[in-house]
Amino acid sequence: MELVVNSINKTIRGKVILSDVNLCLKRGNVYGFIGKNGSGKTMLFRALSGLMKVDSGSIVWNRKILHKDFSVLPSLGIIIENAGLYPNFTGIQNLTYLANLTKRIGQEKIIHAIFRVGLNPCDKRLYGKYSLGMKQRLAVAQAVMEKPDVIMLDEPTNALDDTGVEEIRKIILEEKERGALILVASHNKEDIQILADELYRVKDGQVIKQEESL
């Protein structure tokens, strides 16, 4: 399976957000995206996931066209901007609520996902009381818990200490070995150096493959 992006463009209020973007991304690989704030990385992920429609061009997953055959990618885990989790739910309540929407996994796999990111599923603290690092760990748990075909992670190691960074990198590489197609946007150059099989620079809405290392 592969995600094929054919000449997509997006303009918002007269500003070019994505400009003639072409990509061919395959499962079992990690693709790294770098660029300054406002360069278009987050908007690219929104477009490729289906959360934002493009003005022209096409996005094809497994020979089916996004926004024609389905509205969002059918097997997707994503961290983008704020996680959108409920502040008055515990961690396990948040993930259980999300899992119940798709009915793909049960409580055992939810608990495993929470343990996997270094959190305690029995923790009674509400999400709103979590530290930034704990919130980031739970966001990663929700992105990977259903073992999706495509995983998009915008700044996955943000707000984490050194131990947390190592744990999340390990999870990303495990998901790659499982065969997921993974997109990572990060300001942490070490993340990209360690994780990415291919590197792309996003600048002024253009996405350019980089041959040189960081």
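The values are calculated or read from the model by the stated rules, or taken from the named source; none is laboratory data. It should be emphasised that the depicted structure is a prediction, and the values quoted were computed from it without experimental measurement. In this analysis, Cβ positions are derived from the backbone assuming ideal geometry, glycine residues included, and neighbour counts consider all displayed protein chains. Note: areas computed on protein heavy atoms with side chains; ligands, DNA, RNA excluded. Shrake-Rupley method; radii C 1.70, N 1.55, O 1.52, S 1.80 Å.
Put simply, of ASN94, ASN120 the only residue that is more than 30 Å from VAL54 (Cα to Cα), at pLDDT 95 or above and open to solvent by less than 20 Å² (accessible area, probe 1.4 Å) is ASN94.
Among the residues of region 99-133, which ones are basic (Lys, Arg) and on the phi > 0 side of the Ramachandran plot? Break it down into steps so the answer makes sense when it comes.
Kept after step one, since they are basic (Lys, Arg), are these residues of region 99-133: 103-104, 109, 116, 124-125, 129.
Passing the criteria: only LYS103.
If you go through region 158-201 and keep only what is crowded, with 18+ Cβ neighbours inside 10 Å, over 22 Å from LEU119 (Cβ atoms) and modelled with pLDDT under 95, you end up with just ILE192.
Within region 54-65, the set of residues being within 16 Å of MET43 (Cα to Cα) and either touching a Leu at 6+ places or on another chain (Cβ under 7 Å) or surrounded by fewer than 16 Cβ atoms within 10 Å (Cβ to Cβ) (or both) comprises VAL54, ASP55, SER56, SER58, ILE59. Would you say ALA113 is over 15 Å from the mean Cα position of the chain (by Cα), crowded, with 16+ Cβ neighbours inside 10 Å and over 23 Å from VAL5 (Cα atoms)? Criteria met by ALA113. Take the conditions (1) out of contact with any Gly (no Cβ under 8 Å at 6 or more places or on another chain); (2) within 19 Å of MET152 (Cβ to Cβ); ARG13 misses just one of them, which is (2). Is there a residue being in contact (Cβ under 8 Å) with a residue 12 or more places away in the chain, open to solvent by less than 50 Å² (accessible area, probe 1.4 Å), farther than 23 Å from SER186 by Cβ and not polar (S, T, N, Q) anywhere in region 141-157? Within region 141-157, none of the residues are in contact (Cβ under 8 Å) with a residue 12 or more places away in the chain, open to solvent by less than 50 Å² (accessible area, probe 1.4 Å), farther than 23 Å from SER186 by Cβ and not polar (S, T, N, Q).
Which one of these does LEU3 not meet: (1) under 22 Å from PRO156 (Cβ atoms); (2) outside any strand (DSSP E or B); (3) not small (Gly, Ala, Ser)? That leaves (2) as the condition not met.
All of (1) under 24 Å from ASP161 (Cβ atoms); (2) in contact with a Gly (Cβ under 8 Å, 6 or more places away or on another chain) hold for ASN88 with one exception: (1).
Residue pairs whose Cβ atoms lie under 8 Å apart, separated by 6 or more positions or on different chains, with the first residue in region 16-36 and free of Cβ contacts under 8 Å to residues at least 40 places away in the same chain and the second of a type in the set (Asp, Glu), are CYS24/GLU2.
Every condition in (1) over 27 Å from LYS10 (Cα atoms); (2) touching a helix residue (DSSP H, G or I) at 6+ places or on another chain (Cβ under 8 Å) holds for GLU174 except the one numbered (2).
Are there any helices (runs of 4 or more DSSP H) wholly within region 33-136 with 3 or more residues that are closer than 29 Å to ASP197 by Cα and in contact with a helix residue (DSSP H, G or I) (Cβ under 7 Å, 6 or more places away or on another chain), and if so which?
Working: elements: 41-49, 91-102, 107-116.
The helices (runs of 4 or more DSSP H) meeting that bar are 107-116.
Restricting attention to region 18-29, which residues are out of contact with any Phe, Trp or Tyr (no Cβ under 6 Å at 6 or more places or on another chain) and either surrounded by fewer than 22 Cβ atoms within 10 Å (Cβ to Cβ) or of a type in the set (Gly, Ala, Ser) (or both)?
Within region 18-29, the first condition is being out of contact with any Phe, Trp or Tyr (no Cβ under 6 Å at 6 or more places or on another chain), and the residues that meet it are 18-24, 26-29.
SER19, ASP20, ASN22, LEU23, CYS24, LYS26, ARG27, GLY28, ASN29 - these are the residues of region 18-29 that are out of contact with any Phe, Trp or Tyr (no Cβ under 6 Å at 6 or more places or on another chain) and either surrounded by fewer than 22 Cβ atoms within 10 Å (Cβ to Cβ) or of a type in the set (Gly, Ala, Ser) (or both).
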